[in-house]
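Beneath this line is the structure, given in structure tokens, with notes to follow.
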Amino acid sequence: MPRPMVICSAEFLWGVGLGSAVKALSSMDCDGIFIPTDGAFFPSRLEREDIYTISRAKNRKIIVGTPERDVNISSQNPYVSEASKRAVMEVASFSKMIGSDILVVDPGSTYIEKYAAFVEIRRLIERIKLEGLKICLKIGQLVNSEDDLRFFGDIDVAAELHGPWRSFRKVAVLMFQEEIDDRTLKELKNRSFTGYLVVRPRTFKYDYSGLKRFLPKLMYKIYSTWG
């Protein structure tokens with residue numbers, strides 16, 4: 001059985017340009033790079049050199065995540081919802097420009113009628129698919145059961161380790177914050193998980209040296225579990 005691919009988040013290199021972060025991560029012992037697009041990490045204006053550096057990282061898988069903070073495409077406030085959809089489509093354009101492998105879409109949250117929100121999310125997903133992008137829908141707060149997935153057709157799922165991922169038959173992307181225990185890795189192997197393990201930091205700071213020490217240990221655990 002092939003092992004999962006280990007994807008390292010650019011969040012570990014807080015404070016440097018996105019192109020510089022991708023260049024540094026490309027030299028590390030991981031299979032790919034996760035690019036968040038929240039304002040704290042994603043500049044409002046990318047330099048041409050940054051785009052060039054990211055698009056040239058062909059020896060690594062590139063996963064882009066839509067904003068997780070201050071954006072809510074399922075908001076009951078139409079102004080927030082429409083602004084959020086525009087932000088997501090801008091990220092989709094960026095994802096297409098750099099030739100990313102996957103775009104992880106955060107569906108946001110709603111506290112009134114989630115099935116009405118599902119209709120709008122489905123429409124947005126169809127718009128993104130027209131860009132030729134592979135999409136993973138992030139589960140958890142809004143989409144939290146296999147039954148919910150029937151509203152979105154054949155779509156891959158992304159999840160947080162502390163979320164309800166065990167309730168889903170197949171998860172393509174699993175995100176966690178630095179620690180993942182041997183028991184969970186064995187459980188993933190028993191579930192025939194061969195997707196993407198996205199490692200993200202607990203705190204946001206520039207930690208190149210710490211990451212350099214941490215990643216080989218994680219990769220060793222992966223290789224040991226999957227043989």
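Looking across segment 84-126 at every residue that is of a type in the set (Ser, Thr, Tyr) and touching a Phe, Trp or Tyr at 6+ places or on another chain (Cβ under 9 Å), the one that is modelled with the lowest pLDDT is identified as Tyr115. For segment 1-21, the set of residues classified as closer than 18 Å to Val64 by Cα, in contact (Cβ under 8 Å) with a residue 40 or more places away in the chain and of a type in the set (A, V, I, L, M) consists of Met5, Val6, Ile7, Leu13, Val16, listed by residue number.
For segment 105-152, a residue qualifies if it is of a type in the set (Gly, Ala, Ser) and either in contact (Cβ under 8 Å) with a residue 24 or more places away in the chain or in contact with a helix residue (DSSP H, G or I) (Cβ under 7 Å, 6 or more places away or on another chain) (or both), and the qualifying residues are Gly108, Ser109, Ala117, Gly132, Gly140, Ser145. Restricting attention to segment 193-210, the residues that are closer than 21 Å to Val104 by Cβ and either loosely packed, with under 13 Cβ neighbours inside 10 Å or of a type in the set (Ser, Thr, Tyr) (or both) add up to 3. Of everything in segment 211-222 that is among the basic types (Lys, Arg) and either crowded, with 19+ Cβ neighbours inside 10 Å or touching a residue at least 24 places away in the same chain (Cβ under 8 Å) (or both), the residue that is nearest to Phe42 (Cα to Cα) is Lys212. Does at least one position in segment 36-48 carry a residue that is more than 20 Å from Met89 (Cβ to Cβ), in contact with a Ser or Thr (Cβ under 8 Å, 6 or more places away or on another chain) and among the aliphatic types (A, V, I, L, M)? The answer is no; no qualifying residue exists. Just one residue in the set Val91, Val104 is in a helix (DSSP H, G or I) and either under 13 Å from Thr66 (Cβ atoms) or small (Gly, Ala, Ser) (or both); that residue is Val91. Residues that are in contact with a strand residue (DSSP E or B) (Cβ under 7 Å, 6 or more places away or on another chain) and in a loop (DSSP other than H, G, I, E, B) were ranked within segment 59-83; the one that is modelled with the highest pLDDT is Thr66.
Return the residues of segment 192-218 that are more than 19 Å from the chain's Cα centre (by Cα) and over 21 Å from Pro36 (Cβ atoms); say none if nothing qualifies. Once the filter is applied, which keeps residues that are more than 19 Å from the chain's Cα centre (by Cα) and over 21 Å from Pro36 (Cβ atoms), segment 192-218 yields Ser192, Ser209, Arg213, Pro216, Lys217.
Residues of segment 1-58 that are of a type in the set (D, E, K, R) and modelled with pLDDT of 95 or more: Arg3, Asp31. Against the definition (closer than 19 Å to Val173 by Cβ and surrounded by 22 or more Cβ atoms within 10 Å (Cβ to Cβ)), how does Gly65 come out, yes or no? Yes.
Picking from Glu160, Glu178, which residue would you name as being of a type in the set (D, E, K, R), under 19 Å from the mean Cα position of the chain (by Cα) and at pLDDT below 95?
Glu178
Quick check: is even one residue across segment 39-54 loosely packed, with under 13 Cβ neighbours inside 10 Å and either closer than 27 Å to Thr194 by Cβ or among the polar types (S, T, N, Q) (or both)? Within segment 39-54, one or more residues are loosely packed, with under 13 Cβ neighbours inside 10 Å and either closer than 27 Å to Thr194 by Cβ or among the polar types (S, T, N, Q) (or both).
Note on segment 172-192: among residues that are under 15 Å from Phe12 (Cβ atoms) and of a type outside the set (A, V, I, L, M, F, W, C), the one that is surrounded by the fewest Cβ atoms within 10 Å (Cβ to Cβ) is Glu179.
The values are calculated or read from the model by the stated rules, or taken from the named source; none is laboratory data. Note that the structure is predicted; figures quoted are calculated from it, not measured. With ideal geometry, Cβ positions are generated from the backbone for all residues, glycine too; neighbour counts draw on all protein chains shown.
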